[in-house]
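Here's the structure we're looking at; comments come further down.
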Amino acid sequence: MNSNEKLLYHNDAFWALTGSTPGQGGSCDRVFNLMHEQDRGHVRKVWKSSIDTKTSVTVEYRVEKEWRSVDVATGMDISGESWVLATIVPELDESGNVDKISGWMLDISDRKYHEKVNLARAEEERAEARFARLAETAPMGMYLLKPDGSPVYLNDAYFDILGFTREEFQSAQERGVGWGEQILEEDQHITTESWLNLAQRGEPLNIEFRVKKPWSTYDSASGTVITGPTWLQGTAFAEKDAEGNVLAVQGFVFDISLKKFSERLLSERLEEALNSKRQADRFIE
């Protein structure tokens with residue numbers, strides 16, 4: 001390219017990289033128009049700096065052409081943005097002024113694609129590690145299940161809240177009953193119906209149910225031990241693919257036994273107060 005930004009020479013590889021043809025123009029503006037819109041401003045600054053300082057520079061940028069290839073590891077078709085590595089080399093005349101600008105371009109789309117994939121994979125692994133640390137210390141049960149109910153991940157609190165060990169859970173899995181074995185028979189229809197709606201149709205789950213594990217707590221006010229059924233609240237949602245198919249189910253289990261006991265106690269005392277009032281009203285009459 002000369003100092004007037006007129007293309008003097010370009011080989012076939014140049015047009016193949018940019019996705020254009022020689023007949024579509026040979027000016028500098030045409031070359032910039034082949035670049036990705038978001039990269040043109042940056043490359044123009046680099047171009048001008050190279051000419052002003054009369055030094056060679058190297059720059060990476062995208063071109064409008066879509067990149068397609070085959071992943072050598074998987075044999076699958078892959079696609080993405082087309083990236084090039086370009087070197088700009090000012091050539092000076094006898095007076096030391098820029099006379100021509102030469103350069104070369106290298107297709108780095110494959111490297112950029114896999115850098116992006118690796119960065120995404122690394123972030124996913126970091127997110128999984130953060131989730132695992134959170135799950136191991138969380139006071140609530142956390143789980144990740146396949147649509148058929150088989151576990152991908154269960155934290156320790158999950159087993160404590162439902163009232164069985166990992167070994168007992170594994171045995172129940174082998175017998176085809178899994179965590180459902182711990183639920184009171186009277187409440188199994190609640191969990192079964194809600195699970196099917198979640199696993200098959202992706203409907204969020206938010207239910208309260210009882211398990212066989214006994215519940216007790218010490219009441220410091222009366223100095224007595226309070227006992228009752230163990231109540232749990234389960235919430236879960238489906239992870240879906242682009243077509244809406246359920247890929248996995250993630251959820252949480254909370255022990256709400258004390259809350260349910262307090263609600264029952266409040267209801268009983270309210271009923272006692274109403275009975276007392278009704279008796280007083282009849283006495284007055």
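Read-outs throughout are calculated quantities, based only on the coordinates presented, and are distinct from any laboratory measurement. In this text, all values refer to a predicted model and were calculated from it rather than measured experimentally. Using ideal geometry, Cβ is built from the backbone for each residue, glycine included, and neighbour counts are taken over all protein chains shown.
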Subject >> Centroid-to-centroid separation of region 120-194 and region 213-285 [C-alpha atoms, Å] >> reply: 22 Å
Original post:
Leaving out same-chain residues fewer than 8 places away, which aspartates and glutamates sit with a Cα under 17 Å from that of Lys213?
Top reply: Asp156, Asp160, Glu167, Glu168, Glu181, Glu185, Glu186, Asp187, Asp255
Original post:
Among [x] 34.4, 123; [y] 19.7, 70; [z] 38.3, 133, which one is Rg and Dmax of the Cα atoms in Å computed from these coordinates?
Top reply: [x]
Original post:
How far is helix 37-53 tilted, in degrees, relative to the longest principal axis of the Cα atoms in the chain, given as a value from 0 to 90 rounded to the nearest 10?
Top reply: 40 degrees
Original post:
Tell me, what are the semi-axes, in whole angstrom and largest first, of the equivalent ellipsoid of region 138-252 as set by the roots of 5 times the Cα gyration tensor eigenvalues?
Top reply: 28, 15, 13
Subject >> Computed helical MRE - 222 nm, the chain, DSSP H runs ≥ 4 contributing -39500 (n - 2.57), nearest 500 >> reply: -13500 deg cm²/dmol
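By the scheme Lys and Arg +1, Asp and Glu -1, what is the net charge of all other residues having a beta-carbon under 15 Å from that of Glu193? Walk me through the numbers before you get to the answer.
On the way: positive: Arg201; negative: Glu185, Glu186, Asp187, Glu203, Glu208.
Local charge sum for Glu193: -4.
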Subject >> In region 51-121, the GluC sites (Glu not before Pro) that fall in loop regions by DSSP, at most 15 other Cβ within 10 Å >> reply: Glu94
Original post:
Using Cα atoms only, what is the angle between the long axis of helix 188-201 and the major principal axis of the chain, expressed in degrees (0 to 90) to the nearest 10?
Top reply: 10 degrees
Original post:
Taking amide H positions as placed 1.01 Å from N in the peptide plane, with prolines and chain starts having none, which residues 5 or more places from Ala248, or on another chain, fall under 5 Å of its amide H?
Top reply: Glu239
Subject >> Efficiency of FRET between Ala248 and Ala122 - r from beta-carbon atoms, R0 25 angstrom, step 0.05 >> reply: 0.75
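Using 0.36 nm times the number of residues separating Gln200 and Leu134, minus their current alpha carbon distance, what extension gain do you get? Mind dumping the intermediate values first?
Working: separation 66, 0.36 × 66 = 23.76 nm, distance 2.85 nm.
That pair, Gln200 and Leu134, stretches by 20.9 nm at full extension.
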Original post:
How many nm separate the modelled label positions at Ala273 and Asp241, each set 7 Å beyond the Cα in the direction of the Cβ?
Top reply: 5.7 nm
**OP:** Treating the angle as unsigned and between 0 and 90°, give the value, to the nearest 10°, between the Cα long axis of helix 109-137 and the longest Cα principal axis of the chain.
**Re:** 20 degrees
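Quick one: net charge of Met142's neighbours, Cβ under 10 Å, K/R +1, D/E -1? Display every interim value, and only then the final one.
On the way: positive: none; negative: Glu136, Asp156.
So the surrounding residues net to -2.
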